[in-house]
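First up is the structure itself, then whatever we jot down about it.
The values are calculated or read from the model by the stated rules, or taken from the named source; none is laboratory data. Bear in mind the structure is a predicted one, so any value in this text is a computation, not a measurement. Because the Cβ atoms are built from the backbone with ideal geometry, glycine has one as well, and the counts that use them run over all protein chains shown. These accessible areas exclude ligands, DNA and RNA; they are computed on the full protein's heavy atoms, side chains included. Shrake-Rupley method; radii C 1.70, N 1.55, O 1.52, S 1.80 Å.
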Amino acid sequence: MEAFFVSTGLVALAEIGDKTQLLSLLLAARFRRPWPIVAGILVSTLLNHAGAAALGAWITHALGESLMTRVAGVSFIAMAAWALVPDKLDEDKAAARATGGVFLTTLVLFFLAEMGDKTQVATMMLAARYPAFFQVIAGTTLGMMIANVPVVFFGEALAKRVPLGIVRKLAALSFAILGVAALVAG
């Protein structure tokens, strides 16, 4: 269960202020249909994070657990620094036309926005760090939902009350602690 809880907490914190959270706000403001947006986020995240976790598990198998644990430790420390940098939503994605309905639009835009994003990289590294493949996917997906679903339903009110700088620092600290723990364990 450690993999599940660490994955959930780490991704939920890292997602605050992330471009996919901004995309959630944009989609909610544009379509005003929260349930298809939430469903699109869920399916997109499951697909994206399953692929990232599979890659992390495969790399661990190919390189060996000891080396991959050290690589994961260094990666988490690098992600601590990355978490301090605010994300901005790409204008191209923000201006995309809705084709195929709210669900499909959300699924495609969210999947594309997650490619190479810190939460996708975190999922890959968590799968490399923990042998509990499905717990990592479930945890990172739950973390994404914890961070994005409230934005879909209550975005504007939340944005005025959440100090994003503090949340980014907490996410960075969490990544750094996990990185150091992986290096010590490796």
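The distance linking the range 1-61 with the range 112-137 is 10 Å (Cα centroid to Cα centroid, whole angstrom). Packing-based ranking of 37-45, 177-185, 101-109, 60-68 yields 37-45, 101-109, 177-185, 60-68, ordered from highest to lowest mean Cβ neighbour count within 10 Å.
Give me the Kirkwood hydrodynamic radius of the range 9-58 in Å, from all C-alpha pairs, to one decimal place?
Numbers: mean 1/r = 0.0824 Å⁻¹.
Mean inverse Cα-Cα distance, inverted, gives 12.1 Å.
With every protein chain in place and a 1.4 angstrom probe, the accessible-area ranking of Trp82, Trp35, largest first, reads Trp35, Trp82.
Couplings 3J(HN,Hα) of the range 121-132, computed from phi: 5, 4, 4, 4, 5, 5, 5, 6, 7, 10, x, 8 Hz, in residue order, whole Hz [Karplus 6.51 cos²θ - 1.76 cosθ + 1.60, θ = phi - 60°; x for Gly and Pro]. Using the Karplus relation 6.51 cos²θ - 1.76 cosθ + 1.60 with θ = phi - 60°, the per-residue 3J(HN,Hα) values for the range 14-23 come to 5, 6, 4, x, 6, 5, 6, 6, 5, 5 Hz, with x marking Gly and Pro.
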